[in-house]
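*Asks:* What follows is a single structure, and I will ask about it in a moment.
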Amino acid sequence: MKILRLGSVREVGRFEDYLVSSRLTIPCDLELLRGSESPLSWPIERNGLKIGNRIAIQPMEGWDGTADGIPTANTIRRWQRFGRSGAKLIWGGEAVAVRHDARANPNQLVAGPHTRNGLARLREALIDEHRRTVGSVDGLLVGLQLTHSGRYSRPNAKDRPEPRILYRHPILDHRLGLPDDYPLLTDGEIREIIEDFHRAARMARELGFDFADIKHCHGYLGHEFLSAHTREGDYGGSFENRTRFLREVVEGIRAATPGLRIGVRLSAFDTIPFLPDPARSEPGKLGPGIAEYFEKLIPYRWGFGVNPQNPTKADLGEPVQFLALLEELDIRLVNITAGSPYYNPHIQRPAFYPPSDGYQSPEDPLFGVARQLEATRCLKAKFPHLIIVGSAYSYLQDFLPHVAQATIRQGWVDAVGLGRMVLTYPEFLSDVVEGRAVQHKRICRTFSDCTTAPRNGLPSGCYPLDKHYKDSADGDRLREIRTESSRRKAEGRGE
Ligand SMILES: Cc1cc2nc3c(=O)[nH]c(=O)nc-3n(C[C@H](O)[C@H](O)[C@H](O)COP(=O)(O)O)c2cc1C
Ligand code: SF4
């Protein structure tokens, strides 16, 4: 398989040639525009909303809150960097659990009375830094992402998963070691969780956040509802039942917290869970990803946005229905992502180096970028009135600005969302727009340490490129983990 090492490509022309020869449909502008001529600086004014430019910061969880979910100095630093990026749309900051047992890790933030001041400080720190570095907070929109981690709940200890599931999944239950009689969330428990979302959204509003994102992506609870075809009762089966959770969350927020805008981050398509190919894996070395065996599971009834006859292929039929529902519910802010970091990371965050619990990319990661761009383009074309944010741009590295400019200019998306790139180089796009020199050494090279570190119980951060992490005790610990892993590899003992 041919993979272009983007770090070694200097010329945008060569990058474009590769796109053409590989039949990759990724728009790319050869010349970058500056100042008000740059599409990235165009404001959005729609549906009574004003967003100062087309740069968005994606939610990025840090695994660095206290044991009871209060932000720490590291969390505040990350939000300040979000503010400094120059982006005018802050999509949620990071996933904040609506209750303690809804956390995906024992250091995830929680929305509760005891975290109120901490969450308020995060928002203020971001806004202050934005004002200080950008000069004005005009057109700045800051949301809070609200979540329940569902199947991936791990609220109390890094080595103690406490999954809350909606239905039995023929592949994922096995991966998580769940017995056949593992309890499903009851309809009554779901209603309690919905009330937690109402409470958390009210708090977000009181703290001054402009919107709450009701997270529906990456395999967490909101996303799992959408694929609950096999669940019985009020919240599974038909499309209407699978979206009841969303509708009831929205209804309660509208009743109790009028004035708070609502957004939804959606995994618009998924695929079968992947694993490292056992035939091509060696002790300590992950093989390339392959889809789990699924021939006996056709028609596939455990996915959303997948073709039931071939669940490795996307089918945007239901995602289109879902966006129509959002429009009907007067939800105008939509953020398109895909897949899950747990069972198909190459779909969700294309990377050259896999995280420690992943697999080698089965394709040139540019295909992963193209897949998300294309799905977003299709949805944007059908829903011109929604404000749609696109994801998975960081893998583009030096050519991110060229692609970002082209996607905005050609109307593929309304705002370009930055994830991993923000951990290394928050000001990348604003440096380009303002005509400042690009700092190539700060560009994210998708080493995946920001995912590997938390998988090993350490806070997330860019260990290779951000001195704050590189030179910290956690950086030493991550290096020790790597040395131990290489030693095992040399001894042929595996991980
Ligand atoms: C360390 C890390 C933490 C993340 N945390 C969240 C999160 O809290 N909520 C969310 O919706 N996505 C989260 N994501 C996914 C990113 O928002 C984004 O979709 C993904 O990294 C792909 O975009 P990129 O190519 O710009 O990195 C996280 C990703 C990483 C690497
Ligand atoms: S660790 Fe740094 S360079 Fe690597 S993927 Fe994360 S942000 Fe990018």
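The values are calculated or read from the model by the stated rules, or taken from the named source; none is laboratory data. As the structure is a computational prediction, the values presented were derived from the model and not from experiment. Here Cβ is always computed from backbone atoms with ideal geometry, including for glycine, and neighbour counts include all displayed protein chains. Note: areas computed on protein heavy atoms with side chains; ligands, DNA, RNA excluded. Shrake-Rupley method; radii C 1.70, N 1.55, O 1.52, S 1.80 Å.
*Asks:* Would you kindly find the accessible area of Y395, with a 1.4 Å probe and non-protein molecules such as ligands, DNA and RNA excluded, rounding to the nearest 10 Å²?
*Replies:* 0 Å²
*Asks:* While we're here: Pop out the carbon and sulfur fraction of the accessible area of the chain as a percent, whole number, probe 1.4 Å.
*Replies:* 49 percent
*Asks:* I need the GluC sites (Glu not before Pro) found in segment 213-291, filtered to DSSP loop residues with at most 15 other beta carbons within 10 Å of theirs.
*Replies:* E232
*Asks:* Restricting to segment 95-230, what percent of DSSP beta bridges are antiparallel, rounded to 5?
*Replies:* 10 percent
*Asks:* Given the whole protein assembly as supplied and a 1.4 Å probe, what does the accessible area of R482 come to in Å², nearest 10?
*Replies:* Here the residue's solvent-accessible area equals roughly 110 Å².
*Asks:* Further, regarding this structure: Taking 0.36 nm per residue of sequence separation and subtracting the Cα-Cα distance, how much length would be gained by fully extending the chain between R160 and D277, in nm to one decimal?
*Replies:* Residue separation times 0.36 nm, minus the Cα-Cα distance, leaves 39.5 nm.
*Asks:* Sticking with this structure for a sec: Note the full-extension length gain between R34 and Y182 as 0.36 nm times their separation in residues minus their Cα-Cα distance, in nm to one decimal.
*Replies:* 47.6 nm
*Asks:* Let me ask something else. Quick one: which residues, 5+ away or cross-chain, put their amide H under 5 Å from the amide H of A95? H built at 1.01 Å from N.
*Replies:* Residues meeting the amide H criterion: M60, E61.
*Asks:* Let me ask something else. Translational diffusion coefficient, Stokes-Einstein: compute it for the chain using the Kirkwood radius over C-alpha pairs as Rh, at 20 °C and 1.002 mPa s, and state it as an integer in µm² s⁻¹.
*Replies:* 94 µm²/s
*Asks:* Provide the packing ranking of 257-264, 452-459, i.e. peptides ordered by the mean count of other C-beta atoms within 10 Å per residue, highest first.
*Replies:* Averaged packing, sorted descending, gives the order 452-459, 257-264.
*Asks:* While we're on this one: Ordering M1, M203 by accessible area with a probe of 1.4 Å, largest first, what comes out?
*Replies:* Result, largest first: M1, M203.
*Asks:* Here is a further query. Using the beta-carbon distance between E295 and S136 and R0 = 56 Å, what value does 1/(1 + (r/R0)^6) give for FRET efficiency, to the nearest 0.05?
*Replies:* Rounded to the nearest 0.05, the efficiency is 0.45.
*Asks:* Quick check: net charge around R151, other residues with Cβ under 12 Å of its Cβ, Lys/Arg +1 and Asp/Glu -1?
*Replies:* Value of the local net charge: +1.
*Asks:* What lysines sit close enough to K441 to cross-link, taking a C-alpha to C-alpha distance under 20 Å and skipping anything fewer than 8 places away on the same chain?
*Replies:* Straight-line reach from K441, under 20 Å: K467, K470.
*Asks:* What number comes out for the charge environment of T451, summing +1 per Lys or Arg and -1 per Asp or Glu over other residues with Cβ under 12 Å away?
*Replies:* 0
*Asks:* Also, quick follow-up: In segment 193-236, whose amide N lies under 16 Å from the spot 7 Å out along Cα-to-Cβ of A255? List them in ranges.
*Replies:* Residues 193-202 qualify, since their backbone N sits under 16 Å from the label point.
*Asks:* Could you check the simple spin-label distance between E45 and E232, using points 7 Å along Cα→Cβ, in nm with one decimal?
*Replies:* Each label point lies 7 Å from its Cα, and together they span 5.6 nm.
*Asks:* With each run of n ≥ 4 DSSP H residues scored as -39500 (n - 2.57), what mean residue ellipticity at 222 nm is computed for the chain after dividing by its residue count and rounding to the nearest 500 deg cm²/dmol?
*Replies:* Using -39500 (n - 2.57) per qualifying helix, the result is -10500 deg cm²/dmol.
*Asks:* Using θ = phi - 60° and the Karplus form 6.51 cos²θ - 1.76 cosθ + 1.60, what ³J(HN,Hα) does each residue of segment 372-388 get, whole Hz, x for Gly and Pro?
*Replies:* Karplus values, whole Hz, x for Gly and Pro: 5, 4, 5, 4, 5, 4, 4, 5, 4, 4, 7, 10, x, 8, 6, 9, 10.
*Asks:* Starting from the Cα-Cα distance between H385 and Q321, subtract it from 0.36 nm times their residue separation and give me the gain in nm to one decimal.
*Replies:* In short, 21.5 nm is gained.
*Asks:* In terms of the Cα gyration tensor, with a ≥ b ≥ c the square roots of its eigenvalues, is segment 129-241 rounded because a/c is under 1.5, prolate because a/b exceeds b/c, or oblate?
*Replies:* It is prolate, given that a/c is not under 1.5 and a/b is the larger ratio.
*Asks:* For segment 25-79, compute Rg over Rh where Rg is the Cα radius of gyration and Rh is the Kirkwood radius from the inverse mean 1/r over Cα pairs.
*Replies:* Here the Rg-to-Rh quotient is 1.18.
*Asks:* List, in order, the whole-Hz ³J(HN,Hα) value for each residue of segment 450-455 obtained from phi through the Karplus relation with A = 6.51, B = -1.76, C = 1.60 and θ = phi - 60°; use x for Gly and Pro.
*Replies:* Karplus values, whole Hz, x for Gly and Pro: 5, 9, 5, 4, x, 5.
*Asks:* Over all distinct alpha-carbon pairs, what is the Kirkwood Rh of segment 377-495 in angstrom?
*Replies:* 16.5 Å
*Asks:* Counting only C-alpha contacts under 8 Å and six or more residues apart, can you give the relative contact order of the chain as a whole percent?
*Replies:* Once divided by the residue count of the chain, the mean separation gives 16 percent.
*Asks:* First check a/c for segment 186-340, with a ≥ b ≥ c the square roots of the eigenvalues of its C-alpha gyration tensor; if it is under 1.5, answer rounded, and if not, answer prolate when a/b is larger than b/c or oblate otherwise.
*Replies:* Taking the square roots of the gyration eigenvalues as a ≥ b ≥ c, segment 186-340 is prolate.
*Asks:* Shifting gears a bit: When DSSP beta bridges are limited to those with both residues in the chain, what percentage is antiparallel, rounded to the nearest 5?
*Replies:* Here the antiparallel bridges make up roughly 25 percent for the chain.
*Asks:* Based on Cα coordinates alone, diagonalise the gyration tensor for segment 206-262, multiply each eigenvalue by 5, take square roots, and list the semi-axes in whole Å, largest first.
*Replies:* 25, 13, 6
*Asks:* Give the ranking of D181, D234 by solvent-accessible surface, highest area first, calculated with a 1.4 Å probe.
*Replies:* These residues rank, largest area first, as D181, D234.
*Asks:* Shifting gears a bit: Which shape class applies to segment 319-438: rounded if a/c is under 1.5, otherwise prolate when a/b exceeds b/c and oblate if not, where a ≥ b ≥ c are the square roots of the Cα gyration tensor eigenvalues?
*Replies:* The shape class here is oblate.
*Asks:* Give or take rounding to whole Å, what are the principal axis extents of the alpha carbon atoms in segment 50-130, in descending order?
*Replies:* So the three principal-axis extents are 37, 19, 19 Å.
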